[in-house]
1. Just for region 228-261: of the residues that are surrounded by fewer than 19 Cβ atoms within 10 Å (Cβ to Cβ) and among the polar types (S, T, N, Q), which one is farthest from Glu171 (Cα to Cα)?
2. With respect to Gly264, is the statement that it is farther than 23 Å from Asn57 by Cβ, over 19 Å from the mean Cα position of the chain (by Cα) and surrounded by 17 or more Cβ atoms within 10 Å (Cβ to Cβ) true?
3. Specify which of the listed residues (Tyr199, Tyr223) is of a type in the set (Ser, Thr, Tyr), closer than 17 Å to Lys43 by Cβ and surrounded by 17 or more Cβ atoms within 10 Å (Cβ to Cβ).
4. State whether the residues of region 165-174 include one that is in contact with a helix residue (DSSP H, G or I) (Cβ under 7 Å, 6 or more places away or on another chain), under 22 Å from Tyr53 (Cβ atoms) and basic (Lys, Arg).
5. Examine region 7-29 for a residue that is under 19 Å from the mean Cα position of the chain (by Cα), at pLDDT 65 or above and either exposed (fewer than 13 other Cβ atoms within 10 Å of the Cβ) or closer than 30 Å to Glu179 by Cβ (or both), and state whether such a residue exists.
6. Of the residues in region 181-214, how many are over 20 Å from the mean Cα position of the chain (by Cα) and under 21 Å from Leu246 (Cα atoms)?
7. Hey, any hits in region 187-204 for a residue that's in contact with a Leu (Cβ under 6 Å, 6 or more places away or on another chain) and in contact (Cβ under 8 Å) with a residue 40 or more places away in the chain?
8. For region 72-95, which positions are on the phi < 0 side of the Ramachandran plot and within 16 Å of the chain's Cα centre (by Cα)?
Amino acid sequence: MKRKDAESQRRRVAKNFKMNKKQNKEYPSVQEMNDDQRIGIVKDIFASVTDKYDFLNRVLSGRRDVAWRKRTVSEMLFFNTHRFLDVATGTGDLALDCANSYPDVKVVGVDFVQEMVNNGLKKVDTQNLNNRVELKWGDATNIEYKDNFFDVTAIAFGIRNIPDKEKVLSEMKRIIIPEGQVMVLELTTPEPGFWRSIYSFYLNGILPKLAKWFTKNPAAYEYLADSIMNFPTRREFLKLMESMGLKNCKAIPLTFGVCTLYIGQK
């Protein structure tokens, strides 16, 4: 790309980014964002939808998000430290599901959007799990815990929003013990064919319109559709996991492939 064209694109992206502060927000496409802009936009999006986040997850997924997390928890293996780290925990749903499924496991959840963490802490308190579940601010690309500290670490619906996926996977691998699990639960696209066409129509045509009924920032769900369509294929993501030194990597498609659970071992 010529320098003049590149500068023109940067100005256009910066202009769109500034519009985030207006009531009718707009976000540039995922392909137009640089890494710093994407991080800022993701923070803005999740801070703006925090109050409706859990409700919209249930409505827009037809409550399938609940089943997807349960499947993820059912695949977890605790055999040494009995500790679990939930990366990009959001409001703590996966962390809480793990704690409720494994009474002898200590759970930590970290997220870089404090508003989401605050909502999650309310749920921890409501479920009387303060003695076993700790939610706090944290950076997925620079996890504060020492090497070989957890049996299992997982990230649910978060790695799609992080530009440096290699760094996230590297950190997740580092903090688990040998034979421990790295798990990634992420929204994906079905294989080419009927279901992909239906899902694409839902993501781009229906989902943003539904979001307008429930949130003041429907553009957040336009970004959601864009980020899903631009996420690596299952084959590409499995290759990425393997390139990070993880073994026995597998992808489990869920609900016709609109979600995928990836699992690898250290």
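1. Looking at the filtered set, the residue picked out is Thr255.
2. For Gly264, the condition - farther than 23 Å from Asn57 by Cβ, over 19 Å from the mean Cα position of the chain (by Cα) and surrounded by 17 or more Cβ atoms within 10 Å (Cβ to Cβ) - is not met.
3. Exactly one residue qualifies, and that residue is Tyr223.
4. no
5. There is no residue in region 7-29 that is under 19 Å from the mean Cα position of the chain (by Cα), at pLDDT 65 or above and either exposed (fewer than 13 other Cβ atoms within 10 Å of the Cβ) or closer than 30 Å to Glu179 by Cβ (or both).
6. 0
7. So far as region 187-204 goes, no, none of its residues is in contact with a Leu (Cβ under 6 Å, 6 or more places away or on another chain) and in contact (Cβ under 8 Å) with a residue 40 or more places away in the chain.
8. Thr72, Val73, Leu85, Asp86, Val87, Thr89, Thr91, Asp93, Leu94, Ala95
The values are calculated or read from the model by the stated rules, or taken from the named source; none is laboratory data. What you see is a predicted model, and the numbers here were worked out from it, not measured in a lab. Heads up, the Cβs are rebuilt from the backbone with ideal geometry, glycines too, and the neighbour counts pull from every protein chain shown.
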